[in-house]
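Right, one structure below, let's go through it.
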């Protein structure tokens, strides 16, 4: 099985930067497309979101992420792809989804990246619970 996709807590800017840095030696790549999903401070019925707690059927989610990854490699001429999704607590402004697709040409990286994100939203057993300001949620 491939690398673990689900990670506890937010995806750090350092992890994103390291992923980019690690590809500088892969000189056959001409394009990288990065999608970052960030927690928004949405407002519902006068309450403002402070964060999201993500939960998942982890084994099943990992299996589906692997299937999505394989389907994208079959469908598109891409060189590399990384996917990370948060579980647990993620504050407003933090990153909860990181998709990084590399290919020779930009159009392919755009298309593949969009396809990955849409499949994740449609197929993976990941749920989110919005936590609102004043609910006494304790951040670790």
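If I filter region 1-15 down to residues being in contact with a strand residue (DSSP E or B) (Cβ under 6 Å, 6 or more places away or on another chain) and surrounded by 13 or more Cβ atoms within 10 Å (Cβ to Cβ), which single residue comes out as farthest from residue 90 (Cα to Cα)? Taking the candidates together, the pick is 5. Of the residues in region 67-75, at least one is over 19 Å from residue 30 (Cβ atoms), touching a residue at least 40 places away in the same chain (Cβ under 8 Å) and either in contact with a strand residue (DSSP E or B) (Cβ under 6 Å, 6 or more places away or on another chain) or surrounded by 17 or more Cβ atoms within 10 Å (Cβ to Cβ) (or both).
The one condition from (1) surrounded by fewer than 17 Cβ atoms within 10 Å (Cβ to Cβ); (2) closer than 21 Å to residue 26 by Cβ that residue 112 does not meet is (1). Restricting the first member to region 6-17 and to residues that are on the phi > 0 side of the Ramachandran plot, and the second to residues that are assigned to a strand (DSSP E or B), the beta-carbon pairs closer than 6 Å and six or more apart or on different chains are 9/88. Filtering region 36-56 to residues that are surrounded by fewer than 16 Cβ atoms within 10 Å (Cβ to Cβ) and closer than 21 Å to residue 96 by Cβ leaves 36, 38, 40, 41, 42, 43, 44, 47, 48, 53, 55.
Read-outs throughout are calculated quantities, based only on the coordinates presented, and are distinct from any laboratory measurement. Worth saying up front: this structure is predicted, and the values here are computed from it rather than measured. Here the Cβ is made from the backbone with ideal geometry for all residues, glycine too, and neighbour counts use every protein chain on show.
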